[in-house]
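The structure appears below as C-alpha cells.
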Amino acid sequence: MNTLHLSDSPADLAVAARLLREGEPVAIPTETVYGLAADARNEQAVAKIFAAKGRPQDNPLIVHIGAWEQLRPLVKGIPPQAEKLAEAFWPGPLTMIFKRSEIIPSGVSGGLDTLAVRFPAHPVAQALINQSGCPLAAPSANLSGSPSPTTAAATAADMDGRIAAIVDGGDCQVGVESTVVSLVGQEPVLLRPGYVTAEQIAAVCGSCHIDEAVTSQLKAGQVAASPGMKYKHYAPKARVVLLDGPAAAITDYINAHAEAGVFGLVFDGEEKGLTVPYLTYGARSDEEAQAHAVFEALREADRRGAKILYTACPRTDGLGLAVYNRLLRAAAFEVIKLV
Ligand code: AMP
Ligand code: MG
C-alpha cells in the first residue's frame, strides 16, 4: 500500500478526514504521541488498526472525541468524578474509562464491557475528529511492542506501506501516552501514568489508587486491569537495563561494563566521564523534558546500532512515574540498584 504523507494544511486535512470517513486508518498527531486513528464505530476500520500494528486483539483501544458532548452516546453513564476530571484536564492528556454503550463494537475494547475515552488538546486531532464526524479509535502509531512515535518520521518508520496516510503535525509536546484512569469503581484507579499525575487526580477526586501493574510485573495467572500492561512494551531492539542511583555510580557502572554495542542513556549534564557512546534524555530534575525525549532516545539508540542501553532511572512520583513506567517495560523490569 502506498502511504500518503500529508501536512496539516486545510486541503491535506480534508483528504485525511475523507479517508477516515471511508474507513481507512490514518496516523495523526496528538499532544501525547502519534495515534493510528480509524472510525471507532466501523468494525472493519478498527480491524485494520490491529492488523497494521500487529496488536493483540485483547488489547483495547482508546476512543478520541472532539467535544465534551460527544462522550454521552459512547458510554453508559458519566460518574460525577468524570465530570470533575474533564473540567480540570479536558481537552488534554487524560483518558477515562467508562461502561461502554452499544454504539462502539466490543472489538474496540478488546471484548471488555468498558471503554476508554479521551478528548485530545491537539488542534489537528480535534480538526480530524470533527471534520470526519467520527469518534476515532486510536492507539499509538507504532508497531506493537516498539517505542511510541513522537514524530512523523518515527511514525513513517513503523507504518509506511501499512496504512493509508500519515498526517505530519510536528513533534508531540508531551511525548508519553495519556494517563489512563478507570472510573468504573468507587475510587479512581490509575492504570497507566502520564502527564496528568496521580497526585493531580487525587487533588480533584479526593483519592487515586495506583494499580499495582504500573510499577510491578503481573504474576502468572493474574488478570490485567489494563490489558496493555501485560505485554512487553515500548522496547527498542537494544536490551535496556535501568540503573537506579546517583550520576557518579551510573557512570562507573557503565564504564565497568564497556564493550562493543554498549551505550549509555543518561540525564543531560551527567554524561561527563562516560567512555562509551551515549544519548541523553533531559535533566534529572526535569521530568517534562524526559517525557518529551524518552521514546525518541530509544529509537535513536536503535538507529545507532546499540546492543545494550544502560539507562539512568527516573523518579517514581509525579510525571517521573510515567517515564519510569515506560522505561521499566522497555527494560522488561531489569533494574539494578546502585549507591
Ligand atoms: P495505546 O492505545 O497504545 O495508548 O494503549 C491504550 C492503553 O489503554 C492500553 O494500555 C490499554 O490496556 C488501556 N485501555 C484501553 N481501553 C481500556 C479499557 N477499557 N480498560 C482498561 N484499559 C484500557
Ligand atoms: Mg501503545
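Where a number appears in this text, it was derived from the coordinates with a stated rule and is not lab data. Keep in mind that what you see is a predicted model, and the values were worked out from it rather than measured. Reconstructed Cβ throughout: ideal geometry from the backbone, glycine too, with neighbour counts over all protein chains shown.
Numerical summary
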| read-out | value |
| --- | --- |
| Cα shape, the range 73-214, gyration tensor, a/c 1.5 rule | prolate |
| Positive-end residue of Thr197, Phe119, Leu183, charge dipole of the range 97-223 with Cβ unit charges | Leu183 |
| GNM flexibility winner over the chain from Pro246, Pro147, Pro135 (Cα, springs under 10 Å) | Pro246 |
| Global geometry of the range 185-248, whether rounded, prolate or oblate, following the gyration tensor of its Cα atoms and the 1.5 cut on a/c | oblate |
| Label point 7 Å beyond Cα of Glu334 along Cβ direction - residues of the range 296-312 with amide nitrogen under 11 Å | 307-311 |
| Straight-distance crosslink candidates among lysines, where the alpha carbon sits under 21 Å from Lys237 and sequence neighbours closer than 8 are dropped | Lys53, Lys307 |
| Reach of Lys219 by Cα under 23 Å, taken over lysines that are not fewer than 8 positions away in the same chain | Lys230, Lys232, Lys337 |
| Average Cα contact separation per residue, the range 182-339, under 8 Å, 6 or more apart, as relative contact order % | 31 |
| Distance from the range 303-332 to the range 6-40 (C-alpha centre basis), Å | 30 |
| Dipole magnitude (debye, nearest 20) for the range 249-339, charges at Cβ of Lys, Arg, Asp, Glu | 240 |
| Sequence-distant lysines (8 or more away, or on other chains) whose Cα lies within less than 21 Å of Lys99 | Lys76, Lys84 |
| Using alpha-carbon coordinates, inclination of helix 320-330 to the longest axis of the chain, degrees | 80 |
| Global geometry of the range 260-339, whether rounded, prolate or oblate, following the gyration tensor of its Cα atoms and the 1.5 cut on a/c | rounded |
| Sequence-separation-based contact order of the range 236-281, relative, with Cα cut under 8 Å and 6+ spacing, percent | 33 |
| In degrees, nearest ten, helix 247-256 long axis to first principal axis of the chain (Cα) | 70 |
| Nearest 10 degrees, 0 to 90: helix 123-132 Cα axis against the chain principal axis | 30 |
